[in-house]
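Working notes, beginning with the structure itself.
The values are calculated or read from the model by the stated rules, or taken from the named source; none is laboratory data. This one's a predicted model, so the numbers in the text were calculated from it and none came from an experiment. Neighbour counts are summed over all protein chains in view; Cβ atoms, including those assigned to glycine, are modelled from backbone coordinates with ideal geometry.
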Amino acid sequence: MREALTRGWLPFEIAFDPKPAIITDAAVRWIELGEAPLAEPFLDDTFSRLKEGTPPARVLETGIDAMIRLAGRLPRVEPAGFVFHVSRCGSTLIANAIKTAAGVTVVSESHPLTRILTVKADACGPYLAARWERRRRTLVEALFALYANYRTGEAERLVVKFTSVSILAMSLVRSWYPDVPCIISVRDPAEVIVAGMKAGVWPSVKPHPELSCEVFGWPGDGMSDEEYCGRGLAQFLQAALDAVDERCKVVDYEDLNPARMREIASFLRIELPESPAAIEDIFTVYSKDPTRSRQFQSDRPRKQKEITPAIREAARRCLPLYTELRSRGAW
Amino acid sequence: MPTAFRDILVPHTIDGFLLDYFGRRSLHLRGDPARFAGVEAAVLARDIERTLEARVTLEEAPDASHDLLLLQLSGSAAFEAATLVAGDALYLPRGSWQAPESESSQLAFAIHNPTGRDLLQWLFDHLKRHEYFQTDVPRFAAHGVQADYLTEMRRVVVRACRAPGMIELFNRYRNEAAAPRPCSASPFSGDTPASHLIVMTAPRRLRLRRAAPDTVSIKSNGRVLRFPIEAAQLLHFLDDRAPVALSEFYAAFEPEFDREELNDFLAVLSGGGIAAVVPPGSGY
C-alpha cells in the first residue's frame, strides 16, 4: 500500500471566504508535524510551537479541493469520542487527561472545524444551502481522517474536543456520528459567566452584531455584557439539551477528579496509563498552560466572590437548563 | 480477436462514481459516434469481458500527477504500461483527448505533467509583472547602487520561491489558462427549446472567487467573467449538474430569477466559452 501523501502533515489554517457556501474555494495551509503528537492543550499551541521552532516547520499551501481529495484517499474515521463544552468548565483538563493514553490523538479546539460547523447558508438560496450541508460534512470527515492518520499513516483513535461555540452544532454532529460517545462538560452558570467576562471571549463577539448573528442568531446590541453572556450560555445549554442522548454523559466541573477522569476514558473506551501519578499530575498544573509550568490553583472561591447581582440574574435563566442537562446525562 | 474500443466503451452515467472518487463530473461523449473525446473523458471498463491494453506515456513521475488515476480494482498498480481487465476503471483527466478511430484494441495517450521548466517559465512570467522589474537596470550607477539593486532583485525572487502556495498558484494558473473544449454549438438565444441540454465547455471545474463584496468571478481560458453574487448558485448548479436540461435549470431557479435573467446568464456563459446549449442526443 502506498504511503499516505499527507503523512506527517496537517492543515493548520483554512482561509474560508466569509460566505463559504458561495465561495467554496479556500486556501489550506499545511504544516509538517512528522510524528509529533498534539501535546499542547490546544491545537494552535502545537502549531505555534512548530512554526516558531528552530528551524521552523515546513509549510505548504494547497486548495481546499486538494485537501478533500487527499483525505478521501484515507479510510473514513469514526472518532472514539467527542467533547462538547460551555467554555471555562474543565474541558481542557479532560482533553489533557485523554492525551496521556497511547495511540490516541486528541484534537483540541480546531478552528477550521469551528468555522465549518458555525457557518450556515440559509440565506444563499435552497440549492446552495443543501450543497453547503453536504460539503461541510465532507470537510469534517476530511479533517477527521487527516487528524487521525497524520502521525503514522495508520488511523489512531481520535478524540475531538470542540470549541465551546460548536456546541450549537452538536445536534448536527450527532446526526453524522450518532454512535460516537460524547462528553458534555458544564459548570455552574454564574461561574462560567464570570470567567467568560473576565477572559473577554463573549464580550469580544458582542460589538460585532454580524458575527453575533452568525454565531447565536441574534445581534446582541443594546444588551449588557452580563445579559449577553447569559443568553449565549443559555443557548449553549439548550443546544446540548436538544442533542443529549444515551450516548452522552454530562460532566460538571465540580465533579472533576482523577477517578471521574478514568470513568470518562472508560466511557470513551480509552485506556489511560495505569499509574495513578499520570492522571494526578494533570490536576497539578494549569490546564491551558502549554508550558505546563504554571501550578493549578482553584479559582472557585474567587469566582464566587465576583458574582455580581447582574451576573446572578443572567445566570438565573440558565439554571433550569443546566439542572436538566445534568440530570439527563448523569453518570 | 481484438475488439475496437468504440464498440465496447459505452458511455456510462457515472456521475456518482466520479464525484465520489475524484470530485469530478461524468463522461461526456461528443461529435461523431465513431469518436469519443471528453472534457473529462473517463472510461469505465467495468463491463469489459476481455483484457485490453492501455499504454500510458508520462513525461515525468506519474505519482506526481493527481489527475492520472488508474484504478485497478484487481491486480497491481502499474502506470507506464497497464492492462485493463474486467473490473478496472481508467480515468483520463479533464482536458485529455482520445479519439480511437482504428479497429485496434490498444488505447494510447500522453499526458504532459508539467516539469520544473514549466514552473520556472511561469514564475518568470509572473515576476516580470512585478513592480520592481519595471524599473531601469542601473547600468551606469555606482557599485553600491548596483549591489543594492541585485540584493533587492534576489529578495523579490526568493520571496516568490518561498511562498508556500507557489505550486498551488501555478496549478491554478494552468487550470485557468487551459483551452475550452471545442464546441460547434450555436450561440445561445432565448428561443432555444427547453429540451436542449446545457453542457459545460470549460475544461476545468469552475472556481468561483470573490471579486468584490457583491460580485463573484470565474476565470477560464485566460478570461475573467464577473457576476452578481446571486448568480453563484446558478454557476454552482451548472458546475455540479451539467449536462442538464434547460427545463430543469429553469425549474430550479425560476421562482427566484425570471426567464430573461436566466437566459442572459446562459448567453454570457455561452459567449465566454464556459457552457453551451445543445440539442439532446447530439453526443455532448
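General observations
- Residue in region B:204-215 that is outside any loop (DSSP other than H, G, I, E, B) and either surrounded by 20 or more Cβ atoms within 10 Å (Cβ to Cβ) or away from chain A (no Cβ under 13 Å) (or both) present: no
- Residue in region B:238-252 that is over 22 Å from the mean Cα position of the chain (by Cα), charged (D, E, K, R) and under 23 Å from A:A123 (Cβ atoms) present: no
- Among residues of region A:152-189, those that are out of contact with any Leu (no Cβ under 7 Å at 6 or more places or on another chain) and aromatic (F, W, Y), counted: 2
- Qualifying residues in region B:163-203 (those that are of a type in the set (V, I, T) and more than 14 Å from every other protein chain (Cβ to nearest Cβ)) - the one farthest from the chain's Cα centre (by Cα): B:T192
- Annotation: of all residues in region A:180-217 being modelled with pLDDT of 85 or more and part of a loop (DSSP other than H, G, I, E, B), the one that is surrounded by the fewest Cβ atoms within 10 Å (Cβ to Cβ) is A:G217.
- Qualifying residue in region A:47-55 (condition: surrounded by fewer than 21 Cβ atoms within 10 Å (Cβ to Cβ), away from every other protein chain (no Cβ under 14 Å), in contact with a strand residue (DSSP E or B) (Cβ under 7 Å, 6 or more places away or on another chain) and assigned to a loop (DSSP other than H, G, I, E, B)): no
- Some residue of region A:56-78 being closer than 15 Å to A:A145 by Cα, crowded, with 20+ Cβ neighbours inside 10 Å, among the small types (G, A, S) and under 13 Å from the mean Cα position of the chain (by Cα): no
- Under the condition of being farther than 15 Å from A:A97 by Cβ and among the charged types (D, E, K, R), the residues counted in region A:229-268 number 7.
- For region B:216-225, filtering for residues that are away from chain A (no Cβ under 11 Å) and more than 21 Å from B:A179 (Cβ to Cβ) leaves 0.
- Within region B:185-203, the residues that satisfy the criterion of being farther than 30 Å from B:L169 by Cβ and surrounded by 17 or more Cβ atoms within 10 Å (Cβ to Cβ) are B:A185, B:F188, B:T192, B:H196, B:L197, B:I198.
- Screening A:E109 against (1) in contact with a Phe, Trp or Tyr (Cβ under 6 Å, 6 or more places away or on another chain); (2) within 14 Å of another protein chain (Cβ to nearest Cβ); (3) in contact (Cβ under 8 Å) with a residue 60 or more places away in the chain leaves a single unmet condition, (2).
- Residue pairs meeting the criteria (Cβ under 7 Å; at least 6 apart or on separate chains; first among the charged types (D, E, K, R), in region A:246-271; second modelled with pLDDT under 95 and in a loop (DSSP other than H, G, I, E, B)): A:K249/A:G329; A:K249/A:W331; A:E263/A:W331
- Consider region A:122-162 and keep the residues that are outside any helix (DSSP H, G or I) and of a type in the set (D, E). The one that is surrounded by the most Cβ atoms within 10 Å (Cβ to Cβ) is A:E156.
- The residues in region A:59-94 that are without any contact (Cβ under 8 Å) to a residue 60 or more places away in the chain and on the phi > 0 side of the Ramachandran plot can be counted, and the count is 0.
- Test: residue in region A:261-282 that is buried (at least 19 other Cβ atoms within 10 Å of the Cβ), over 30 Å from A:S48 (Cα atoms) and over 23 Å from the mean Cα position of the chain (by Cα): no
- Scan region A:94-111 for residues that are part of a helix (DSSP H, G or I) and surrounded by 22 or more Cβ atoms within 10 Å (Cβ to Cβ) and the total you get is 5.
- Flag for B:L262 being farther than 13 Å from B:L197 by Cβ and either crowded, with 16+ Cβ neighbours inside 10 Å or aliphatic (A, V, I, L, M) (or both): yes
- All positions within region B:226-235 that are more than 9 Å from chain A (Cβ to nearest Cβ) and either surrounded by 16 or more Cβ atoms within 10 Å (Cβ to Cβ) or of a type in the set (A, V, I, L, M) (or both): B:F227, B:A231, B:L235
- Filter pass, A:V119 being closer than 27 Å to A:E214 by Cα and modelled with pLDDT under 95: yes
- The listed residue being modelled with pLDDT under 95, assigned to a strand (DSSP E or B) and over 22 Å from A:D17 (Cβ atoms), out of B:V268, B:V158, B:V199: B:V199
- Looking across region A:223-233 at every residue that is of a type in the set (A, V, I, L, M, F, W, C) and over 18 Å from the mean Cα position of the chain (by Cα), the one that is nearest to A:F84 (Cα to Cα) is identified as A:C229.
- All positions within region A:8-30 that are surrounded by 17 or more Cβ atoms within 10 Å (Cβ to Cβ), of a type in the set (D, E, K, R) and part of a loop (DSSP other than H, G, I, E, B): A:K19, A:D25
- Filter result (of a type in the set (S, T, Y) and free of Cβ contacts under 8 Å to residues at least 24 places away in the same chain) within region A:279-320: A:T284, A:Y286, A:T291, A:S293, A:S298
- Across region A:56-85, the number of residues qualifying as at the interface with another protein chain (Cβ under 10 Å from one of its Cβ atoms) and assigned to a strand (DSSP E or B) comes to 5.
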